[in-house]
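Accompanying notes for the structure given below.
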Amino acid sequence: KKLAEEKGVLVAAGHIEQHNPIVDYTRSCIKGDVKLINSYRLGFNDRTTDIGVVADLAIHDVDVLTSIVGADITEVSAQHLINPKTGHEFYGKLLLTFETGAVGSAEVSWVHPKKIRKIEAVTANSYVVADYLDQTFNETRTVSGNKLSMKTTEVILQKEESLKREHQD
């Protein structure tokens, strides 16, 4: 930090998913009306051995979820599985309660065989699934206040590289 200050260089932690177009789009569509929100960052990884999956991955999901909900977290409980080879967790699930009363979870895993990166959210009138990998947004919304009548809309965003957007920011 001192060297950066001496050289006049800005140093900041990288929260790359805040620069993912699907996160921006999701945040703009649900505008803090979240009742329930879950994130999934799953996929096999046997290369990272110096840190656990919660500190490495869940930190990004917690950051994204709080920005979408628009409120701080007031309560956290967690479960994890420890990798016996490294002594660090390779699976974790955080259960979250937000100031607004919304609840959610962040599930992260290096043992899951399939790569999944998505957010699911429930608002007063809709159910949303936002996929980080294919940058799609699906929303199922009640029609005219009738919960039995639903309409689903899919939006496919133009793919953009999150890292490039982060550097531009």
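Points to keep in mind about this one:
- Contact map, region 32-47: first residue closer than 9 Å to residue 110 by Cβ, second residue at pLDDT 95 or above and not in a loop (DSSP other than H, G, I, E, B), Cβ cut-off under 6 Å, separation 6 or more or different chains; pairs are 42/109; 42/116.
- Lone qualifier among 106, 4 - being part of a helix (DSSP H, G or I) and open to solvent by less than 60 Å² (accessible area, probe 1.4 Å): 4
The rows are residues; the columns are (1) free of Cβ contacts under 8 Å to residues at least 12 places away in the same chain; (2) crowded, with 17+ Cβ neighbours inside 10 Å.
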site	(1), (2)
62	no, yes
65	no, yes
70	no, no
87	yes, no
92	no, yes
102	no, yes
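- None of 79, 135 is modelled with pLDDT under 95 and either over 20 Å from residue 152 (Cβ atoms) or of a type outside the set (D, E, K, R) (or both) except 135.
- Scanning region 109-148 for residues that are open to solvent by less than 40 Å² (accessible area, probe 1.4 Å), closer than 13 Å to residue 39 by Cβ and touching a Leu at 6+ places or on another chain (Cβ under 6 Å) yields one hit, 109.
- Residue ID - modelled with the highest pLDDT, chosen from residues in region 30-49 that are over 20 Å from residue 103 (Cβ atoms) and either over 15 Å from the mean Cα position of the chain (by Cα) or open to solvent by 30 Å² or more (accessible area, probe 1.4 Å) (or both): 44
- Verdict on residue 19 being touching a helix residue (DSSP H, G or I) at 6+ places or on another chain (Cβ under 6 Å) and either modelled with pLDDT of 90 or more or open to solvent by 40 Å² or more (accessible area, probe 1.4 Å) (or both): no
The values are calculated or read from the model by the stated rules, or taken from the named source; none is laboratory data. Because the structure is a prediction, the values reported are computed rather than measured. Reconstructed Cβ throughout: ideal geometry from the backbone, glycine too, with neighbour counts over all protein chains shown. These accessible areas exclude ligands, DNA and RNA; they are computed on the full protein's heavy atoms, side chains included. Shrake-Rupley method; radii C 1.70, N 1.55, O 1.52, S 1.80 Å.
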